[in-house]
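Colleague: Take this structure, written in structure tokens, and hold onto it; I'll ask about it next.
The values are calculated or read from the model by the stated rules, or taken from the named source; none is laboratory data. Owing to the predicted nature of the structure, the values given are computational and were not obtained by experimental measurement. Cβ placement follows ideal geometry from the backbone for every residue including glycine, while neighbour counts extend to all protein chains displayed. Quick note on the areas: whole protein, heavy atoms, side chains included, nothing else; ligands and nucleic acids left out. Shrake-Rupley method; radii C 1.70, N 1.55, O 1.52, S 1.80 Å.
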Amino acid sequence: EQRVLFGMGTTAVANRKYGAAAKNFETIINNRSYNYEITARSYFWYGECMYKMKKYDEAKKAYEGYLNKIGSKNGDEYSLAHYNLGYVYIKQNDYKEANLWFRKFINLESEDKVMLVDACNRIGDCYFQNRQFDQAKNAYEQASQYGIKIQGTDYSLYQKGFVCGLQKDYNQKITIMQSLIAEYPKSEWADDALFEIGRAYVAIDNNADAITTFNRINKEYPKTNSIVRKSKLQIAMLQYNGGETDKAVSTYKSIISEYPNTEEAETSLSTL
């Protein structure tokens, strides 16, 4: 009967019917059982259902219940439970505890490179949230050591570059962001990286290269991308600060006509 319930539960999870699945796992957990393995695994999958249903306290209890069960160490879900607990704590904004669980996961897992990269990125994010920038940078660096072109390594590079900017190491920031664009031209972070390069040039008073970078964004990305109007506003500000008032006026006017009802249009209007 237990095996049947467990099978029904995992099938329901596969079909994203988490409420129905949870009931099956709950029945197994609450009934007296002699099959330790199925009971332990039911705790894990019950935790999975609770997580998907955004019931994070229940998820935490279930994953911890799984880890405390006899035989869980030999189970397929053992390292995954550590990884999932990391995510539970992130959802609860407890970055210190999340960091701990992701690090435990890394010590247990050696096969799945995508998950290892993701865990390193989350460790980096936890340090980042707690403003421990050197440790964050090291974690993002570790993520990229699992090999290039693994899902998530573009994010590692972006974050590492971003942290360099926060630490006022602008030249390093530019170098890292440029390598991200070169290695991952189709990355969802490529446009942000280009924008951050522009911002770094502004920070080191290299306004000519900043304008060139922001212009490149306008050429390479569609108007619908919010980063284009942000870049245009940066160009207008740089033109104005550089004493090119006429150019600045025409850039501000084009922002107002092309992007009405946006924050950038409002800023342009008040500056004009």
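Colleague: Starting from the Cα-Cα distance between Ala208 and Gln145, subtract it from 0.36 nm times their residue separation and give me the gain in nm to one decimal.
Modeller: Working: separation 63, 0.36 × 63 = 22.68 nm, distance 3.48 nm.
Additional length available on full extension: 19.2 nm.
Colleague: Just the Cα atoms of region 60-206, one point each, no solvent: what log10 I(q)/I(0) does Debye give at q = 0.15, 0.21 Å⁻¹?
Modeller: -0.77, -1.21
Colleague: Still on this structure: Using 1/(1 + (r/R0)^6) with R0 = 45 angstrom and r between the beta carbons of Arg216 and Gln129, what's the FRET efficiency to the nearest 0.05? It would help to have the intermediate numbers written out before the result.
Modeller: Numbers: r = 31 Å, r/R0 = 0.70.
Efficiency computed from Cβ-Cβ geometry: 0.90.
Colleague: A follow-up question, please. Ordering Val249, Val163 from largest to smallest accessible area (1.4 angstrom probe), what's the sequence?
Modeller: Details: Val249 50, Val163 0 Å².
Largest accessible area first, the residues go Val249, Val163.
Colleague: Over region 1-71, how many percent of alpha carbon pairs lie in each 10 Å bin up to the one with the longest distance?
Modeller: 25, 57, 18, 0
Colleague: Quick one: give the max-minus-min coordinate of the C-alpha atoms of region 180-224 along each principal axis, largest first, in Å.
Modeller: 29, 22, 13
Colleague: Across the Cα atoms of the chain, what radius of gyration and what greatest pairwise Cα-Cα distance (Dmax) are found, in Å?
Modeller: Just the Cα atoms of the chain yield Rg and Dmax of 24.6, 82 Å.
Colleague: If you don't mind, another one. Evaluate the distance, in nm, between pseudo-label points positioned 7 Å from the Cα of Ile29 and of Ser226 along their respective Cα→Cβ axes.
Modeller: 3.8
Colleague: Inverting the mean 1/r over all pairs of different Cα atoms, compute the Kirkwood radius of region 31-107 and quote it in Å.
Modeller: Details: mean 1/r = 0.0809 Å⁻¹.
Over region 31-107, the inverse of the mean reciprocal pair distance is 12.4 Å.
Colleague: Over all directions, what mean area does the Cα convex hull of region 1-130 project, stated in square nanometres?
Modeller: Details: hull surface 30.7 nm².
Over every viewing direction, the Cα hull of region 1-130 projects on average to 7.7 nm².
Colleague: Further, regarding this structure: Among Asp76, Asp209, what's the order by accessible area (1.4 angstrom probe), most exposed first? The partial results should precede the final answer.
Modeller: Details: Asp76 135, Asp209 65 Å².
If we order Asp76, Asp209 from most to least accessible, we get Asp76, Asp209.
Colleague: OK, next. Where the Cα atoms of region 148-250 are projected onto their three principal axes, how long is each span, largest first, in whole Å?
Modeller: Reported extents, whole Å, longest axis first: 47, 31, 17.
Colleague: Counting only helical runs of four or more DSSP H residues, what would the 222 nm mean residue ellipticity of the chain come to if each run contributes -39,500 (n - 2.57) and the total is spread over all its residues? Mind dumping the intermediate values first?
Modeller: Working: 15 runs with 207 residues, N = 272.
Calculated mean residue ellipticity at 222 nm is -24500 deg cm²/dmol.
Colleague: What order do Val4, Val13 take when sorted by accessible area (1.4 Å probe), most exposed first? Can you show the working numbers first?
Modeller: Working: Val4 95, Val13 20 Å².
The most accessible residue leads, giving Val4, Val13.
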